[in-house]
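S.K.: Quick one: the structure is below, and I'll ask about it shortly.
The values are calculated or read from the model by the stated rules, or taken from the named source; none is laboratory data. Predicted model, so just to flag it, every value in this text is computed and none were measured. When we count neighbours, we look across all protein chains shown, and the Cβ atoms used for this are built from the backbone with ideal geometry, even at glycine.
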Amino acid sequence: MPGGLLRTANRVDNLLGMKGMSGLSLCESFLEHARDMGVVIEAAPVKSINVHEGSFHLESGKGNRDFSNLILATGSRPKRLDLPDAMYRIDGPGDLKGGSLLIIGGGDLAFDNALRVFGWGIDVCILHRSAPKANHSLVNEVREAGIRLVKGDVGMVSPGRDGYHLEGEGVFDNAAVFTGRVPDRSLIDHMGPVEVFMPSHETSVKGLYVIGDAASIESSQTAYAMSSGLSAAMDIARKVREDEGGP
Ligand SMILES: Cc1cc2nc3c(=O)[nH]c(=O)nc-3n(C[C@H](O)[C@H](O)[C@H](O)COP(=O)(O)OP(=O)(O)OC[C@H]3O[C@@H](n4cnc5c(N)ncnc54)[C@H](O)[C@@H]3O)c2cc1C
């Protein structure tokens, strides 16, 4: 979906000049800006990427295409727990059934999602294994909102017909897991180990760039996704100019 994970961010405070915007409204303004600049955005799942005679052959839900350079920005995928029907992403109130949600995880994503869902009038409880790792302001906001924090692990949760039973706390209609993410490079895994070089973000496969969360989950920030994309785009533009005999 255009906009990616940022669409689910409650409030983004760390983008210079855009303090306090919701992730969704930031994405809408990014999309509008990109379209105004002439960027063509096609929504289609990419099924495979193969290198053929120096170009990248892309097979997608909208047919097959070849490109001489390719920027992979497929983001990350969640670490999964053995909890039936648990959610790993919440896009809107329509994703929830009933009025309560148990969130498992203690980092920024768990706390940010808790605040967003709580704002929809849902009873939210966060189950975290160790001291919360989310940033202080998120933790304080969650505490001030009165969202329940329970220390323990997923062993305290048993799924039943009526929902997820959390020992000593009751039953929740929904459960969501935010216990970390890993870069999603599944489309290029078959190419073997692919090294990403700084600052261009070009890889050991000539013409292939990897940016954003797919390049580094430790740097999982919108500003990094943007700046790594910029580095890659500038490197490609330089190569195109050189190929055309320009400076
Ligand atoms: C709850 C939450 C709160 C956050 N808060 C902040 C914050 O306050 N500040 C901040 O800087 N960052 C925040 N982040 C992090 C930020 O959202 C990510 O770092 C950023 O979205 C990474 O961008 P990306 O483009 O690398 O990946 P993503 O946003 O994950 O985008 C990847 C895109 O690739 C698409 N895709 C993947 N595979 C395929 C395929 N096979 N075919 C077609 N498309 C595909 C996906 O559908 C998606 O649109 C937050 C994240 C979350 C989840």
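S.K.: What do you reckon, is His190 closer than 23 Å to His57 by Cβ and either crowded, with 20+ Cβ neighbours inside 10 Å or away from the ligand (no atom under 12 Å from the Cβ) (or both)?
M.R.: Yes; evaluated as a whole, the condition is true for this residue.
S.K.: When Ala131 is evaluated against the numbered criteria (1) touching an Asp or Glu at 6+ places or on another chain (Cβ under 7 Å); (2) at pLDDT below 95; (3) of a type in the set (A, V, I, L, M, F, W, C), which criterion, by number, is the only one it fails?
M.R.: Among (1) touching an Asp or Glu at 6+ places or on another chain (Cβ under 7 Å); (2) at pLDDT below 95; (3) of a type in the set (A, V, I, L, M, F, W, C), the lone unmet condition for Ala131 is (1).
S.K.: Also: Answer yes or no: is there a residue in the range 161-173 that is surrounded by 12 or more Cβ atoms within 10 Å (Cβ to Cβ) and either part of a helix (DSSP H, G or I) or within 13 Å of the ligand (Cβ to nearest atom) (or both).
M.R.: Within the range 161-173 (the criterion being surrounded by 12 or more Cβ atoms within 10 Å (Cβ to Cβ) and either part of a helix (DSSP H, G or I) or within 13 Å of the ligand (Cβ to nearest atom) (or both)), the answer is no, since none of the residues qualifies.
S.K.: Just give me the residues in the range 101-146 being on the phi > 0 side of the Ramachandran plot and either surrounded by 15 or more Cβ atoms within 10 Å (Cβ to Cβ) or part of a strand (DSSP E or B) (or both), in sequence order.
M.R.: Of everything in the range 101-146, just one residue is on the phi > 0 side of the Ramachandran plot and either surrounded by 15 or more Cβ atoms within 10 Å (Cβ to Cβ) or part of a strand (DSSP E or B) (or both), namely Gly105.
S.K.: Are any of the residues in the range 175-187 within 29 Å of Leu16 (Cβ to Cβ) and without any contact (Cβ under 8 Å) to a residue 12 or more places away in the chain?
M.R.: Within the range 175-187, not a single residue is within 29 Å of Leu16 (Cβ to Cβ) and without any contact (Cβ under 8 Å) to a residue 12 or more places away in the chain.
S.K.: With (1) at pLDDT below 95; (2) more than 28 Å from Leu83 (Cβ to Cβ) as the list, and Ile188 as the residue in question, which single condition is left unmet?
M.R.: The one condition Ile188 does not meet is (1).
S.K.: Residues in the range 32-44: is at least one surrounded by 17 or more Cβ atoms within 10 Å (Cβ to Cβ) and either in contact with a Phe, Trp or Tyr (Cβ under 7 Å, 6 or more places away or on another chain) or not in a loop (DSSP other than H, G, I, E, B) (or both)?
M.R.: Within the range 32-44 (the criterion being surrounded by 17 or more Cβ atoms within 10 Å (Cβ to Cβ) and either in contact with a Phe, Trp or Tyr (Cβ under 7 Å, 6 or more places away or on another chain) or not in a loop (DSSP other than H, G, I, E, B) (or both)), the answer is no, since none of the residues qualifies.
S.K.: Something else about it: Can you tell me which residues in the range 62-96 are within 24 Å of Ala237 (Cα to Cα) and part of a strand (DSSP E or B)?
M.R.: Hits for the range 62-96 are Asn64, Arg65, Asp66, Phe67, Leu70, Ile71, Leu72.
S.K.: Going through Ser228, Ser220, Ser158 one at a time, which residue ends up being buried (at least 19 other Cβ atoms within 10 Å of the Cβ) and among the polar types (S, T, N, Q)?
M.R.: Only one candidate qualifies: Ser228.
S.K.: Name the residues in the range 58-85 that are touching a Lys or Arg at 6+ places or on another chain (Cβ under 8 Å) and within 20 Å of Leu208 (Cα to Cα), would you?
M.R.: Leu58, Glu59, Ser60, Asn69, Leu72, Thr74, Ser76
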